[in-house]
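Undergrad: First, the structure itself, so that you have it in front of you.
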Amino acid sequence: MKASSRRDFLKGLGVAAAGGLITSGLSLEAEGRGRRQARSAAGPMGRRVERVAADPSDIPPPIHRDWPITHNITLRVEEVVAEIEPGVTFNFMTYNGQIPGPMIRVRQGDVVNLTLENPATNRLPHNVDFHAVYGPGGGAAHTLVAPGQSKTIRFRCLYPGAYVYHCAVPDLDYHISSGMFGMILVEPPEGLPPVDREYYLGQHELYTDKQPGEPGHHNFDFDKLFAEKPTYVLFNGAKYGLTAERYGALKAKVGETVRIFLAVGGPNVTSNFHPIGNVLSYVWREGAILSNPERNAQTVAVPPGSCGIFHMRLPVPGPVKLVDHALTRVARKGLLAVLEVEGPEQPDIYNPNPA
Ligand SMILES: [Cu+2]
């Protein structure tokens, strides 16, 4: 890419300051070196951790106040090594060590002091683009931090909805794929409809230099990224992670209502979200919570860089499998979460032995 067109490209991403090659103290030339190093990096790089999969029940509580406040929120970038599945490791990039990054929950009109920390032990520059923010690059232009740097921006959340945030450096597809995305939920003044439980999931896909399940360390594969042919398609960075066989299933009881927040990082693959053995009784596509919800939808497309809000009723016991209905991703590429619904059988609704 010619220098001028590269500059325009970077500017389009909200990364470069207008007319300058130096952005927020970070030389793009140095960043270019970082990219080449990243591409040649092979083998495990970074601290080994037990898991990157976020706990899907780790969600800030619904908001009941009717006045705006200021939040001080720190996102810390952690480049870590973890297992995609047992015996298969990968170099993940995360906000706060988890995929998806922490769910940020605010009310329309709230102010956020957002600090992005990039510890000196990391290898790469990072930043963050919030789709809930009016401002250059959704904040990316002013949060670009080299290892050892930290930056703070302040923004006011003016429009309600569920929005993705993600890393937006020039290799943003590589960074998002590796785990750098999450959700910011901006509640409207009247709040969200009441439910019994809430869960938070993040879908993304990994491009590795091996086949799914091949033991050992998988390196990032830029050729597969270019071809948009992922090795794994995952919830929360882990193959079948949110099931009883691994980190545990989601739980609920018969008669409850559940709200699922789904953030799709991608970077390229659209989720076709579907609950096997249930239906999405209310759907706010795009996380557009002020819109009228769709009713009783079966499979809902959530594109990369977007969110879905889904309500389910749970009238009968048993597992509800949460999938992307492009089912090769489930059967062969690792995508699955299970919601275990406990309670008495309801034979007038579903009866496996009607004799
Ligand atoms: Cu990044």
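Undergrad: Give the accessible surface of the range 285-355 per residue, rounded to a whole number of Å², with probe radius 1.4 Å and ligands, DNA and RNA excluded.
TA: I get 55 Å² per residue for the range 285-355.
Undergrad: Does the chain classify as rounded, prolate or oblate by the C-alpha gyration tensor (a ≥ b ≥ c root eigenvalues; a/c under 1.5 gives rounded; else a/b over b/c gives prolate, otherwise oblate)?
TA: Since a/c reaches 1.5 but b/c is at least a/b, the shape of the chain is classed as oblate.
Undergrad: While we're on this one: Hey, any idea what % of the range 99-190's accessible area is carbon plus sulfur with a 1.4 Å probe?
TA: Here carbon and sulfur together make up 52 percent of the probe-accessible area.
Undergrad: Of Cys157, Cys307, Cys167, which is the most mobile in a GNM of the chain whose springs link Cα atoms less than 10 angstrom apart?
TA: Cys157
Undergrad: Roughly what angle does helix 3-12 make with the longest principal axis of the chain, taking Cα atoms, 0 to 90 degrees, to the nearest 10?
TA: Between helix and principal axis, roughly 40 degrees.
Undergrad: Another question about this same structure. How much length is gained if the chain between Glu50 and Trp67 is pulled fully straight, taking 0.36 nm per residue apart and subtracting their Cα-Cα distance, in nm to one decimal?
TA: 2.1 nm
Undergrad: Separate question: Calculate for the chain the 222 nm mean residue ellipticity that helices alone would give, adding -39,500 (n - 2.57) per DSSP H run of length 4 or more and normalising by residue count, nearest 500 deg cm²/dmol.
TA: Theoretical 222 nm ellipticity from helices: -3000 deg cm²/dmol.
Undergrad: If you count, for each residue, the other Cβ atoms within 10 Å and average over each peptide, how do 45-56, 181-192 line up from highest to lowest?
TA: Output ranking for 45-56, 181-192: 181-192, 45-56.
Undergrad: Taking only C-alpha pairs under 8 Å that are 6+ residues apart, what is the relative contact order of the chain in percent?
TA: Here the relative contact order equals 15 percent.
Undergrad: Shifting gears a bit: For the range 221-311, which whole-number percentage of the solvent-accessible area (1.4 Å probe, protein heavy atoms only) is attributable to carbon and sulfur atoms?
TA: Of the solvent-accessible surface of the range 221-311, carbon and sulfur hold 50 percent.
Undergrad: Right, another one. Can you order the peptides 210-216, 284-290 by their average number of other Cβ atoms within 10 Å per residue, highest first?
TA: Per-residue mean Cβ counts within 10 Å order the peptides as 284-290, 210-216.
Undergrad: Now, a different point. Compare His64, His131 by solvent-accessible area with a 1.4 Å probe and give them largest first, with all protein chains kept in place.
TA: Greatest to least solvent exposure: His64, His131.
Undergrad: In addition: Expressed as a rounded percentage, what relative contact order does the range 147-279 have, with Cα pairs under 8 Å and six or more residues apart?
TA: So the answer I get is 29 percent.
Undergrad: For the chain, find the longest principal axis of its Cα atoms and tell me its angle to the long axis of helix 28-40, 0 to 90°, nearest 10.
TA: Its long axis makes an angle of about 60 degrees.
Undergrad: Below 8 Å, C-alpha to C-alpha, sequence gap of six or more: please give me the relative contact order for the range 197-342 in percent.
TA: Once normalised by length, the contact order is 29 percent.
The values are calculated or read from the model by the stated rules, or taken from the named source; none is laboratory data. On a predicted model such as this, the values are computed, not experimentally measured, just so you know. Counting neighbours? That spans all protein chains shown, and the Cβs are built from the backbone with ideal geometry, glycine included. With ligands, DNA and RNA removed, areas are computed over all heavy atoms of the protein, side chains included. Shrake-Rupley method; radii C 1.70, N 1.55, O 1.52, S 1.80 Å.
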